[in-house]
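To start, the structure itself, in structure tokens.
The values are calculated or read from the model by the stated rules, or taken from the named source; none is laboratory data. Keep in mind the model is a prediction, meaning the values are calculated, not measured. As a convention, Cβ positions derive from the backbone with ideal geometry for all residues, glycine included, and neighbour counts pool all protein chains shown.
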Amino acid sequence: MEQQHRLCYISRNYYNLTAAGNKAKADNEDTLAEMGAVNLGLQRSVKNSKILAFFIDLAGIIRACLLLKRGDTLFLQYPVKKYFTFLCRIAKMKGAKTISLIHDIGSIRTHRLTPTQEVKRLSHSDYILASNTKMTEWLKAHGMKKPMGALGLFDYRSANFNQHDRTFNPQKIKVAYAGALHIKKNPFLIQLTEVLKSWDLYIFGNKNGLQGWKENPRVHHQGFMASDDFIHSVDADFGLVWDGDSLETCSGVFGEYLKWNSPHKVSFYLRSALPVIIWQEAAVASIIEKEGAGFAIKDPQELNERLKTLTPTEYHQMKENAKRLAKELNSGHFLRQALQEYFTSEV
């Protein structure tokens, strides 16, 4: 993308690149670099030390403030610990603009800020790039006046592509569930093992993270698998996106948050060429169905009947769409598209 003024960003230190938030931010940095954006910070580093991370990130922030020029557009990935408001103010003082991509809204999930406080903080930025359109609606409802766009899905980069080309068999459907297992996040899995009848569930995560598993020959515990290995070798028909402690609805902090965020897990499944099964009230459910890369459900219990009626032709189309999205996610398509829309609107 050719621009009259520079698109800039600030790389940082990450404790690891396996956590969803870190992975998403690092992938966006790679896309920005490919687009010709300038890293005003230090070179990205991966050091699991709070002290080192503090000084590395601080040095990067100082360097960025010195190098930022009038007319620049500074791309920020929110939340930016400690420095968000400061960076927005420095950019304004120097005649630059800021775009802020929201990864996480703390006032919804952790409640450390009130919605009013969070919107006030975000309003220091010139342009808000929300995770999806549901998040833009939430921001507007809580007083956001700044111009906004929506990302849609977080891109997901990997050197691997899935190698399995399964022949769809309605009698032997495999559904994968991947992620950290914890009593606060996904205890619904325990209940699901009791009612699962006509399809097989493959759980990728530490089994000991949840207690009270019921014996069911259709439930297969696979243990932890590294993300790139999963993308390369997972042998399943679908990926399931559901959180909380209930089979009736996505409940609790993590479940309710699906109404507003764009889960990295959705991108992870699609990057693995898996069509997605997702809660119908999730913010990205409409994207999955519009792209034809899966379907939305009211609750997991309906899968016992829903999957029986799925034809090989219908599944093949979902699979092809998931493969298409895997390539798009790997190229940074969604971030590129969102930034293109922003710069077009600025002309």
Among the residues of the range 179-190, are any closer than 25 Å to Phe295 by Cβ, assigned to a helix (DSSP H, G or I) and over 24 Å from the mean Cα position of the chain (by Cα)?
yes
Just the residues that are crowded, with 24+ Cβ neighbours inside 10 Å and either farther than 21 Å from Arg306 by Cβ or over 14 Å from the mean Cα position of the chain (by Cα) (or both), please, taken from the range 279-295.
Ala283, Ala293, Gly294
Can you pull out the residues in the range 36-70 that are in contact (Cβ under 8 Å) with a residue 12 or more places away in the chain and assigned to a helix (DSSP H, G or I)?
Leu52, Ala53, Ile56, Asp57, Ala59, Gly60, Ile61, Arg63, Ala64, Cys65, Leu67
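Given Thr344, Thr309, which one is among the polar types (S, T, N, Q), under 25 Å from Ile203 (Cα atoms), surrounded by fewer than 23 Cβ atoms within 10 Å (Cβ to Cβ) and at pLDDT below 95? Spell out how you get there, then give the answer.
Working: Thr344 fails: under 25 Å from Ile203 (Cα atoms).
Only one candidate qualifies: Thr309.
Report the residue count in the range 104-133 for those that are within 16 Å of Ser262 (Cβ to Cβ) and either crowded, with 21+ Cβ neighbours inside 10 Å or not assigned by TED's automatic domain parsing to the domain that holds Lys25 (or both). Full working, then the answer.
The first filter runs over the range 104-133 and keeps only residues within 16 Å of Ser262 (Cβ to Cβ), leaving 104-106, 108-109, 128-133.
Now drop any that are not either crowded, with 21+ Cβ neighbours inside 10 Å or not assigned by TED's automatic domain parsing to the domain that holds Lys25 (or both), which leaves 105, 128-132.
Adding up the residues that qualify gives 6.
Scan the range 191-218 for residues that are among the polar types (S, T, N, Q) and either within 21 Å of the chain's Cα centre (by Cα) or in a loop (DSSP other than H, G, I, E, B) (or both) and jot them down.
Residues of the range 191-218 that are among the polar types (S, T, N, Q), as a first pass: 191, 193, 198, 206, 208, 211, 216.
Residues satisfying the conditions are Ser198, Asn206, Gln211, Asn216.
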Return the residues of the range 7-35 that are exposed (fewer than 15 other Cβ atoms within 10 Å of the Cβ), in contact (Cβ under 8 Å) with a residue 24 or more places away in the chain and part of a loop (DSSP other than H, G, I, E, B); say none if nothing qualifies.
Tyr15, Asn16, Leu17, Thr18
Residues being within 12 Å of Gly244 (Cβ to Cβ), surrounded by 18 or more Cβ atoms within 10 Å (Cβ to Cβ) and of a type in the set (A, V, I, L, M): count how many of those fall in the range 164-192.
2
Going residue by residue through the range 120-130, is there one that turns out to be of a type in the set (S, T, N, Q), more than 20 Å from the chain's Cα centre (by Cα) and more than 30 Å from Thr18 (Cβ to Cβ)?
yes
